[in-house]
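To start, the structure itself, in structure tokens.
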């Protein structure tokens, strides 16, 4: 039997506290972020970003500074804030490490498998619950960004729909990290070691992305980082470009 209600309830129960905590965090963060960002007037922000910061530093950004120095660009910065990126990574590592090595370390895997349940049902339920919860969390984040943009200090200056691809990019990061962690978890029997390996892998991904962007001859190193595919700012900018092209075509 692939579907087992008891396993489904247990899996959701295991991730409920983390899910609720992240939902509360991501539900409030966009409002706080936009309120704090609005305290810095746009001319002052543009002055610092376009004149005070060296142009070579644009390599660290997914889009040119000229696009960041806009209302939409400043909203898009929320998706690369540590509150979002680290929380998404923590979700993937926490849930992925609980696929195999977590229950083995706690000694509950043997108890569960002793029941008349297929291993495929156990692992499939874990994967579906992790993915579904990640989608819900990204939905909370998108709803919070949408409402903060539509009714916050910059209401009417930014189209909230352009951040849908950025939220989807966050979802992709969560699923990717969870999948990689689950693979490592399946090869180990200690959750703490699985978490340590993935923390080291995450640091490596950050460094590889930085080296790939800042070093011309070593540009290929960026391809070794999973974060090289995490570009919510670029997706938000691309959405705007597509919208402008569509308007020009309809004229």
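We did not get these values from a lab; they are worked out from the coordinates using the rules stated. The structure presented is a predicted model; accordingly, all values stated were derived computationally and were not measured. Cβ: placed from backbone, ideal geometry, glycine included. Neighbour counts: every protein chain shown.
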Normalised per residue, the volume of the convex hull around the Cα set of segment 5-250 (Å³): 155 Å³
Residue separation between residue 5 and residue 42 times 0.36 nm, minus their alpha-carbon distance, gives in nm 8.0 nm
How high is the FRET efficiency between residue 123 and residue 66 when r is their beta carbon distance and R₀ equals 51 Å, given to the nearest 0.05? 0.60
Could you tell me how many degrees, from 0 to 90 and to the nearest 10, lie between the Cα long axis of helix 82-97 and the main elongation axis, the longest principal axis, of the Cα atoms of the chain? 20 degrees
Run lengths n ≥ 4 of DSSP H only: what is the helix-derived mean residue ellipticity at 222 nm for the chain, with -39500 (n - 2.57) per run over all residues, to the nearest 500? -23000 deg cm²/dmol
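At a 10 angstrom cut-off on C-beta neighbours, averaged per residue, how do the peptides 87-94, 188-195 rank from highest to lowest? Before the final figure, lay out the partial values.
Working: 87-94: 22.9, 188-195: 17.2.
Highest to lowest by the protection proxy: 87-94, 188-195.
Given segment 4-51, what whole percent of its Cα pairs are spread farther than 17 Å?
Tail of the P(r) past 17 Å holds 61 percent of the pairs.
Given Cα positions, please report Rg to Rh for segment 121-246, the hydrodynamic radius being the Kirkwood one.
On the way: Rg = 17.9 Å, Rh = 16.9 Å.
Rg/Rh for segment 121-246 comes to 1.06.
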So for segment 112-188, using the alpha carbon gyration tensor with a ≥ b ≥ c as root eigenvalues (a/c under 1.5 gives rounded; past that, a/b versus b/c decides prolate or oblate), I'd call it prolate
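If contacts are Cα pairs under 8 angstrom and at least 6 residues apart, what is the relative contact order of the chain in percent?
Numbers: 281 pairs, mean separation 71.7, N = 251.
Averaging sequence separation for qualifying contacts and normalising by length gives 29 percent for the chain.
Sorting 174, 42, 111 on the 10 Å Cβ count, fewest up front, what's the list? Can you show the working numbers first?
Numbers: 174 26, 42 15, 111 10.
The fewest-first ordering by Cβ neighbours comes to 111, 42, 174.
How much length, in nm to one decimal, is gained on full extension between residue 51 and residue 215, taken as 0.36 nm per residue of separation minus their Cα-Cα distance? Intermediate values should be presented prior to the final figure.
Details: separation 164, 0.36 × 164 = 59.04 nm, distance 2.30 nm.
The residue 51-residue 215 span can extend by a further 56.7 nm.
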